[in-house]
Ligand SMILES: [Zn+2]
């Protein structure tokens, strides 16, 4: 097997092929930005096995969404996230321009927090635990960069981080495939992290943007 992570299903779909090719060349070959070490071969193998276990329709969905967002973020300042579910697997995607995060560690932390909070949403709405794969796409100087995070274990997320992520990305009900805005209590700390009360920060009249 010269290309052990190309599933037969994926190579029958052009979008699956492009997504996998990006993974192989940028992640497996360690072509990542800065001094951050590349994922280990074991981590890459886990991620690719995770994707291979999803049906081609689901892989194509992930590929389509990720590639579309990858194109959208070029040259613009914005973020987007999505998630999809297949059996006991949760796929979380986050796309952004580089300007939205001051450094790489902050970007990875945000993706990790998003993935952990979506896992909690999964448990709360479906009553079972899941494996999750987080895929992050970020605009960099000369193109875009992918980041992947994978977890199969139970998760714990500090309340303030959960509030921040839900405020920014919404509260997902993964049993119904819906996402609703998070509404903090007026006297709660503002989930933006300002340390002011919500009513004096983003809860003040005329101020709702995350
Ligand atoms: Zn605020």
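Suppose R0 equals 35 Å. What FRET efficiency, 1/(1 + (r/R0)^6) with r the Cβ-Cβ distance, do residue 200 and residue 106 give to the nearest 0.05?
With a Förster radius of 35 Å, E is 0.85.
Applying 0.36 nm per residue to the separation of residue 67 and residue 21 and subtracting their alpha-carbon distance, the gain on full extension is 15.4 nm.
Can you put 140, 85 in order of Cβ neighbours within 10 angstrom, beginning with the fewest? By the 10 Å Cβ count, ascending, the order reads 140, 85. Provide the FRET efficiency to the nearest 0.05 for the residue 160-residue 84 pair, computing r from the beta carbons and using R0 = 30 Å. It comes out at approximately 0.65. What separates the Cα centres of segment 78-154 and segment 163-210 is a distance of 19 Å.
Could you tell me whether segment 124-210 comes out rounded, prolate or oblate from its Cα gyration tensor? Rule is a ≥ b ≥ c as square roots of the eigenvalues, rounded for a/c under 1.5, then prolate if a/b exceeds b/c, otherwise oblate. Judged from the Cα gyration tensor, segment 124-210 comes out oblate (a/c at least 1.5, b/c at or above a/b). Modelled label positions at residue 178 and residue 43, each set 7 Å beyond Cα in the direction of Cβ, lie 3.7 nm from each other. Taking other C-beta atoms within 10 Å as the exposure proxy, 198, 50, 91 rank 50, 198, 91 from fewest upward.
How would you rank 182-194, 155-167, 59-71, highest first, on the average number of other Cβ atoms within 10 Å across their residues? Kindly include the intermediate steps, with their values, before the conclusion.
Values: 182-194: 14.9, 155-167: 16.7, 59-71: 18.7.
Ranked by mean Cβ neighbours within 10 Å, highest first: 59-71, 155-167, 182-194.
Each value in this text was obtained by applying a stated rule to the coordinates, not by laboratory testing. No experiment lies behind these values; they were computed from the predicted model shown. Cβ: placed from backbone, ideal geometry, glycine included. Neighbour counts: every protein chain shown.
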